[in-house]
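Trainee: Please see the structure below; I have some questions.
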Amino acid sequence: MPYITAEQVDSLLGSDWAESAAKPLAVQMANDWLRAKGVPADVDDDRIVRAGAYLAKMAAAGTLYADSEGAVKSESVKADTVSVSTEYQDGARAVAGDMLYIKDLLHPWLTPYGSSVRILSRL
């Protein structure tokens, strides 16, 4: 059961929130995001529908799963002879938006220790 449909987004935000060809994927990404975050699908609440509409709009604009450079520790800018410096947190690394989407899709099967699941049983 989807949280939101393209027709609902059109109704809430108007039909110009995205190009027609981009709407199905944007709505699918919004539904996947809500599912990955654990939002219950069987709850009939207008707030979930509205949130889904804005998530679809973000997905269509490319901002729902946007690339990230990592956590910035400090930035400095020097005006004379232009100089820009950015220092990242220790261990910070760039993350592609597509990878964030993939992690949300696979969330139920991923563990903090990798993607393998081990079942222990007592003999």
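Trainee: Within straight cross-link reach of residue 78, meaning Cα distance under 16 Å, which lysines are found once same-chain residues fewer than 8 apart are removed?
Mentor: none
Trainee: What accessible area per residue comes out for segment 8-64, rounded to a whole number of Å², with a 1.4 Å probe?
Mentor: It amounts to 58 Å² per residue over segment 8-64.
Trainee: Could you pull out every one of the aspartates and glutamates with an alpha carbon less than 12 Å from that of residue 57, ignoring same-chain neighbours closer than 8 positions?
Mentor: 10, 16, 19
Trainee: Take the Cβ-Cβ distance between residue 15 and residue 106 as r, set R0 to 41 Å, and report the resulting FRET efficiency rounded to the nearest 0.05.
Mentor: Computed FRET efficiency for residue 15 and residue 106 comes out at 0.80.
Trainee: If you don't mind, another one. Please enumerate, by chain and number, the aspartates and glutamates with C-alpha under 20 Å from the C-alpha of residue 103, excluding those fewer than 8 residues away in the same chain.
Mentor: Cα-Cα hits under 20 Å: 32, 67, 69.
The values are calculated or read from the model by the stated rules, or taken from the named source; none is laboratory data. As the structure is a prediction and not an experimental result, all values here were calculated from the model. Positions of Cβ are generated from backbone atoms using ideal geometry, with glycine treated the same way; all protein chains shown enter the neighbour counts. Only protein heavy atoms, including side chains, enter the accessible area calculation; ligands, DNA and RNA are left aside. Shrake-Rupley method; radii C 1.70, N 1.55, O 1.52, S 1.80 Å.
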